[in-house]
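Asks: This structure is in structure tokens; I'll ask about it shortly.
Any read-out appearing in this document is the output of simple, stated calculations on the displayed coordinates, not a laboratory observation. Everything numeric here is computed off the predicted structure, so don't read it as measured data. Neighbour counts run over all protein chains shown; Cβ positions are idealised from the backbone, glycine included.
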Amino acid sequence: MRQPPHHSGVVHASAIPVVGSAGGFFAPRGSSPPKAGAFHARKTAAAAALSHSGHHVEISSTGKLGGERSKKGDPFSSGSGSDRREVTSFRKLYDRGDFPIAVNHDAKGNKINWKVDLEKLDYHHYLPLFFSGLCETEEPYAFLARQGIHDLLDKGGNKILPVVPQLIIPIKKALNTRNIHVITTTLKVLQHLVESAEMVGEALVPYYRQILPIFNLFKNKNVNLGDGIYYSQQKRENIGDLIQETLEKFELTGGEDAFINIKYMVPTYESVMSRV
């Protein structure tokens, strides 16, 4: 079976914890232990935010996650809010009529009517553009981007793996909006992505450091939806549950290096394999 290309940013499963290092810093065998405080210097602000896990997070009328006031230096304090989000490439091209799609309305609900066979599409061109639409909250853009991605992942097969590096920036942008609806949509897309084709989950491992900080920030926080909590769980809209599900799928599809790299970025995560 082919192995995904090696990336120096990946912590490998052969790494061992340095004894006495805070947080269980992982160093490759044969390397010297880091100097005192080195791990803390590299520890992300997102990990530090977990020290008060369990707090309720309020949702504004725009759907943006808030709650605890951002501290100075917090990398998420200047995240792209819905009030200043740039127009996406997806919206620009859709408004120009450059996508071979239309909305089909019927008794069962809306769906996309594709004007070409999906198997004939250039995935290097179209898949990243649809992923850029994950930031959309207005209709019909949000629906078209979301459903278009799922349709493309269903039919993409071996076309998906080579495009993974092009998907990281739009995924990161969507997560960093801190908009509850955008994040939950993106989490569901990520779950579909890693299961869409062979080795896609492994190809995503080198990019955990770019996409997991927001997971770490909200994994253990409750979303204060009031009477909507039960409804959100039924509709798979609870962000904490979706983050846990997504991390488990990452571990199961990411190969032998997946867990150690998830653990490095999300220290509170426990292996799903211990429950299998």
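Asks: Extending each Cα 7 Å along its Cβ direction at A107 and E195, get the distance between those two points in nm, one decimal.
Replies: Taking the simple label geometry, A107 and E195 are separated by 3.0 nm.
Asks: Something else: Tell me, in nm to one decimal, what length is gained between H124 and Q210 on full extension, where the rule is 0.36 nm per residue of separation less the Cα-Cα distance?
Replies: On the way: separation 86, 0.36 × 86 = 30.96 nm, distance 2.07 nm.
Here the segment from H124 to Q210 would lengthen by 28.9 nm.
Asks: Restricting to DSSP loop positions (anything but H, G, I, E, B) with no more than 16 other Cβ atoms inside 10 Å of their own Cβ, which trypsin sites (Lys or Arg not before Pro) remain in the range 102-174?
Replies: Details: sites: K108, K111, K115, K120, R146, K155, K159, K172, K173; in loops: K108, K115.
In loop regions of the range 102-174 (DSSP not H, G, I, E or B), the sparsely surrounded trypsin sites (Lys or Arg not before Pro) are K108, K115.
Asks: When the chain is fully extended, how far beyond the present Cα-Cα distance does D241 get from D151, taking 0.36 nm per residue of separation?
Replies: Values: separation 90, 0.36 × 90 = 32.40 nm, distance 2.42 nm.
Gain in length upon complete extension: 30.0 nm.
Asks: Taking a ≥ b ≥ c as the square roots of the eigenvalues of the Cα gyration tensor of the range 80-185, is the shape rounded (a/c under 1.5), prolate (a/b larger than b/c) or oblate? Each step should come with its number before you reach the end.
Replies: Values: a/c = 1.69, a/b = 1.18, b/c = 1.43.
Taking the square roots of the gyration eigenvalues as a ≥ b ≥ c, the range 80-185 is oblate.
Asks: Where Lys and Arg each count +1 and Asp and Glu each count -1, what net charge lies around L118 among other residues with Cβ under 13 Å from its Cβ? Please report the intermediate quantities before stating the final value.
Replies: Values: positive: K115, K120, K155, K159; negative: D117, E119, D122, D151, D154.
With Lys, Arg at +1 and Asp, Glu at -1, the net is -1.
Asks: Scattering from the C-alpha atoms of the range 123-170 alone, worked out with Debye: what is log10 I(q)/I(0) at q = 0.24 1/Å?
Replies: These q points yield log10 I(q)/I(0) values of -0.83.
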